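Written below as structure tokens is the structure these notes are about.
The values are calculated or read from the model by the stated rules, or taken from the named source; none is laboratory data. Owing to the predicted nature of the structure, the values given are computational and were not obtained by experimental measurement. Because the Cβ atoms are built from the backbone with ideal geometry, glycine has one as well, and the counts that use them run over all protein chains shown.
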Amino acid sequence: MTTPPGFTGVAHLAMTVVDMEATAAWWERTFGFERLRRVDEPEGEQRHPRILIRHPGSGLVFGIHEPHERSGDRFDPDRTGLDHIALAVTERTDLDRWSEHLDALGVEHSPARDAGYAEFVSFTDPDGIQGELWWVKPATG
């Protein structure tokens, strides 16, 4: 068995909610989270709007989503709760190392995908719960 590469913590937790604006406002008001950004992708095959909020003291990031459809997969509009967990990695090359490790174990996963501000590899556990290995690009400017 191969030794898994490391990860540094939780990059974010994603939850599916009925009203993402109301949920984001609740977390901001109740726990002091701060809005990072709203992501609205152009219309197309995979439209997935979301709001990213971060707790300033802990650095915990929530991705707040509404139920959506993508690539033929149907999402139940009444389904809410934890959508996925993303584990943070330090370097872009860690995604490649994790892909090799998952391949060695026979774990199906996505190729590294680019979200603009980050890159990630997706996988699912035996119960179908999605996980991601997440690398945030260095800030430019």
So which of His12, His48 is modelled with pLDDT of 85 or more and either of a type outside the set (Val, Ile, Thr) or more than 19 Å from Leu133 (Cβ to Cβ) (or both)?
His12
Residues in the stretch 60-78 that are loosely packed, with under 12 Cβ neighbours inside 10 Å and either closer than 19 Å to Thr23 by Cα or modelled with pLDDT of 90 or more (or both): how many?
2
Of those in the stretch 79-107 that are hydrophobic (A, V, I, L, M, F, W, C) and assigned to a helix (DSSP H, G or I), the residue farthest from Asp127 (Cα to Cα) is Leu95
Return yes when Ile53 is closer than 14 Å to Ala14 by Cα and modelled with pLDDT of 90 or more and no when it is not.
yes
Looking only at the stretch 118-141, and only at residues there that are over 21 Å from Thr16 (Cα atoms) and part of a loop (DSSP other than H, G, I, E, B), the one that is nearest to the chain's Cα centre (by Cα)
Lys137
Give the residues of the stretch 111-134 that are surrounded by 12 or more Cβ atoms within 10 Å (Cβ to Cβ), within 18 Å of Arg50 (Cβ to Cβ) and of a type outside the set (Asp, Glu), sorted by residue number.
Arg113, Ala115, Tyr117, Ala118, Phe120, Ser122, Gln130, Gly131, Trp134
